[in-house]
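> Okay, handing you the structure first.
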């Protein structure tokens, strides 16, 4: 039972804090951390401080107006202050949280952003040590380097639809111990409850990095390739789904080794991929491209430009 005068919400937050702190204590995660957020959950900084970590907090006063910047760690512009703080100070790693604490951004000591699909590599390698052969779920926006990484570490990659509800349902259906999205939602089922909790995710990250001699090198050493951010092609209401349905039927990508249509169209080449999918929330086609080289990236973009623009000549593409 919780103490008199304590709300149920505070009681549950306290239990969650205790579990996260216990995780860190058990694994001696003593990395110096920078916490970067503008939301009311304060348990992780307190937990880190209890372990003797130096915690530099940025923009931690609760203010629903978000006067410093929008609390979205997926946008590089929102990480500028965190990057400057890391470069100028002694902190080893930066953690950035969104407004409701379910998405995590990660920045290395020298200011490199580790996007969620690459974070998943680290989590997957760790989880698969205890769950060999397990499925690891990720969405269609993630890097094509993630699947082979999961296989090399003894797991089964499962690529799935983008969207919180889709990923969570697939996690429950499959029994997978881990799932994640490029947006930053990470779902741990192993040693946790299968929901996207960025504070817990940050604790798991520090647990892993505490075992390694150089956290910066470990993060920057994860496989990477030239890629674009998420691009939005703005169309009229109802048009994105109709356009993507035509694209799925035609599959006009002769150079692709594989074309996935579970969520939009993802054309995978020997040296990269291109994605076009209808947004679940707004009237846009979401686009993303990756190549092993800048030349491959540009070739794949050109192929998508050739295919997409004739479908809606009056709407300029965002690339």
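The values are calculated or read from the model by the stated rules, or taken from the named source; none is laboratory data. Remember, it's a predicted structure, so these values are computed and weren't measured experimentally. Ideal geometry is used to build each Cβ from the backbone, glycine not excepted, and the neighbour counts take in all protein chains shown.
> Pairs needed: first member in region 152-170, in the same structural domain as residue 181 (by TED's automatic domain parsing); second member anywhere, surrounded by fewer than 16 Cβ atoms within 10 Å (Cβ to Cβ) and outside any loop (DSSP other than H, G, I, E, B); C-beta distance under 7 Å; at least 6 residues apart or different chains.
So the pair list comes out as 157/151.
> Scanning region 138-182 for residues that are in a helix (DSSP H, G or I) and in contact with a helix residue (DSSP H, G or I) (Cβ under 8 Å, 6 or more places away or on another chain), which turns out surrounded by the most Cβ atoms within 10 Å (Cβ to Cβ)?
Going through region 138-182, the residues in a helix (DSSP H, G or I) turn out to be 146-152, 164-174.
Okay, now just the ones that are also in contact with a helix residue (DSSP H, G or I) (Cβ under 8 Å, 6 or more places away or on another chain), so 146, 149-150.
On the way: 146: 22, 149: 21, 150: 25.
Applying the filter and picking the extreme gives 150.
> Let me ask something else. Within region 194-205, is there a residue that is part of a loop (DSSP other than H, G, I, E, B), touching a helix residue (DSSP H, G or I) at 6+ places or on another chain (Cβ under 8 Å), surrounded by fewer than 20 Cβ atoms within 10 Å (Cβ to Cβ) and assigned by TED's automatic domain parsing to the domain that holds residue 165?
Yes, region 194-205 has at least one match.
> Also, quick follow-up: Run down 135, 151 and say which single residue is over 17 Å from the mean Cα position of the chain (by Cα) and closer than 18 Å to residue 195 by Cα.
135
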